[in-house]
Amino acid sequence: MKVHLPLLRRGRQKSSLATDPWQRVRVGLGILGFIVALGVVGYRLLGLGLFDALYQTVITVTTVGYGEIGDPDDIDRSYRWFSLFLALFGVGGALYTLGVMVDAYVEGSLNDGLRLRKEQRMIDRLSGHLIVAGAGRVGASIAHYVVRHGAKVVIIDQTPSDSDLLTVLGDATDDETLRRAGVERATTLIAALDTDASNLYVTLSARGLNPDLHIVARTNHQSNEPKLFQAGADRVVNPHEIGGSRMGALALHPNLAEFLDEVLHDESHGVTVDEIKVGTGSRAGGHTLRKLLGVTGQPLVIAIRDQDHGYTANPALDTVVRPGAVLVVLGSDTDVAALRARVT
């Protein structure tokens, strides 16, 4: 279902050679490697063996100064001219590489710290957002889906990622990490960690910090569903079961499954399935579907969920819409938006 919340953040631009300090490190290492290779080849031509050529190159470039090696008869003017040339250019290349490595380490650390502080300030200003605990394959897929539908998302994970989404680094089972993600101001939390035990801890902690939070928990074992519900989850999802059911639907009802996939996941055709909640103070409360939909009768209301969480499929147009009900609708983006405006 669509979540109608504004998208918070634009993607970061990729760093160029001028702004990426580690790119300069790679260039420096390339230069140093070329100088070492050139030195080895040169000393080999001057009569040194392979190891002696490498050794003489390294002590020359690093200015160790152990002295010249090789047969005294071979250490002539050409040998010394080559050593002089290698020292001048090799030392410069080594110093450049060392400098950019130190610069990259310091600059990278500072940039990471500044970025994390900036992201934390942005998270501190959020409210009504969605938190995804766990940025693995399941969590990343969830985050990308809800972002495509306009949600404000905060990711919690223990390792940094290349994601453009706001991220809190830390253990999602820790209360302080959840607070830094704004759990007390969030509307929804999705516990998508790898193990059921971790998702159970996240659910318990999040429910204690925000009693009104809508929590969706992942489970890998169907037998653990009751425990997650007892811990405070509103919905428990088994990705393996859903994947198997979807494959079965594609096998038995390929056209229906394809249509539902396109409606739910493809935004190019302008048709959507959405849910619209009738608030307690909504002016739509007490009116019939016929009056709410108007003369066009659009969008199609395919189900109504009442306050007791029961569904009425394909409700009649004379059905009275009560406050607290949720309308599940199918129609064009324009028709759904118009009905949402009338209801809210």
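Restricting to the range 157-178, and then to whatever is of a type in the set (A, V, I, L, M, F, W, C) and over 9 Å from the mean Cα position of the chain (by Cα), can you tell me which residue is modelled with the lowest pLDDT?
Here is the first cut: in the range 157-178, the ones of a type in the set (A, V, I, L, M, F, W, C) are 165-166, 168-169, 172, 178.
Retained after the next criterion (residues that are over 9 Å from the mean Cα position of the chain (by Cα)): 168-169, 172, 178.
Details: 168: 90, 169: 87, 172: 92, 178: 95.
Ranking the candidates gives 169 first.
Can you find a residue that is at pLDDT below 55 and closer than 30 Å to residue 216 by Cβ anywhere in the range 11-23?
Checking the range 11-23: at least one residue is at pLDDT below 55 and closer than 30 Å to residue 216 by Cβ.
So, in the range 48-59, exactly how many residues are farther than 11 Å from residue 69 by Cβ and over 47 Å from the mean Cα position of the chain (by Cα)?
So the count comes out to 1.
Could you check how many residues of the range 173-211 are touching a helix residue (DSSP H, G or I) at 6+ places or on another chain (Cβ under 7 Å) and of a type in the set (Asp, Glu)?
The qualifying residues number 3.
Can you tell me which residue in the range 283-317 is farthest from the chain's Cα centre (by Cα), limited to those that are in a loop (DSSP other than H, G, I, E, B), among the hydrophobic types (A, V, I, L, M, F, W, C) and surrounded by 12 or more Cβ atoms within 10 Å (Cβ to Cβ)? Don't jump to the end; show me each part of the working.
Just the residues of the range 283-317 that are in a loop (DSSP other than H, G, I, E, B), to begin with: 283-287, 294-299, 306-310, 314-317.
Filter once more, keeping what is among the hydrophobic types (A, V, I, L, M, F, W, C): 284, 295, 316-317.
Cutting the leftovers down to surrounded by 12 or more Cβ atoms within 10 Å (Cβ to Cβ) gives us 284, 317.
Numbers: 284: 38, 317: 43 Å.
Selected residue: 317.
Residue check: is residue 203 crowded, with 18+ Cβ neighbours inside 10 Å, under 16 Å from the mean Cα position of the chain (by Cα) and not in a loop (DSSP other than H, G, I, E, B)?
Details: crowded, with 18+ Cβ neighbours inside 10 Å: yes; under 16 Å from the mean Cα position of the chain (by Cα): no; not in a loop (DSSP other than H, G, I, E, B): yes.
So residue 203 does not fit the description; no.
Would you call residue 80 under 30 Å from residue 163 (Cα atoms) and at pLDDT 70 or above?
On the way: under 30 Å from residue 163 (Cα atoms): no; at pLDDT 70 or above: yes.
Judged against the criteria, residue 80 is not a match.
Given the criterion over 21 Å from residue 203 (Cβ atoms), assigned by TED's automatic domain parsing to the domain that holds residue 206 and not β-branched (Val, Ile, Thr), identify the matching residue among 136, 150.
Working: 136 fails: over 21 Å from residue 203 (Cβ atoms).
Among 136, 150, only 150 is over 21 Å from residue 203 (Cβ atoms), assigned by TED's automatic domain parsing to the domain that holds residue 206 and not β-branched (Val, Ile, Thr).
How about the range 318-332: which of its residues are closer than 19 Å to residue 280 by Cβ and not in a strand (DSSP E or B)?
319, 321, 322, 323, 324, 325
Looking at the range 220-235, I want the residues that are on the phi > 0 side of the Ramachandran plot and have a partner that is outside any strand (DSSP E or B) with Cβ atoms under 6 Å, at least 6 apart or on another chain. Which pairs are those?
That search, which allows pairs on different chains as well, returns 232/203; 232/207.
Yes or no: residue 250 assigned to a helix (DSSP H, G or I), surrounded by fewer than 13 Cβ atoms within 10 Å (Cβ to Cβ) and touching a helix residue (DSSP H, G or I) at 6+ places or on another chain (Cβ under 9 Å)? Walk me through how you get there before you give the answer.
On the way: assigned to a helix (DSSP H, G or I): yes; surrounded by fewer than 13 Cβ atoms within 10 Å (Cβ to Cβ): no; touching a helix residue (DSSP H, G or I) at 6+ places or on another chain (Cβ under 9 Å): yes.
Answer is no for this residue.
The values are calculated or read from the model by the stated rules, or taken from the named source; none is laboratory data. Keep in mind that this is a model prediction, so the values were computed, not measured. Please note: Cβ atoms are built from the backbone with ideal geometry, for glycine as well, and neighbour counts cover all protein chains shown.
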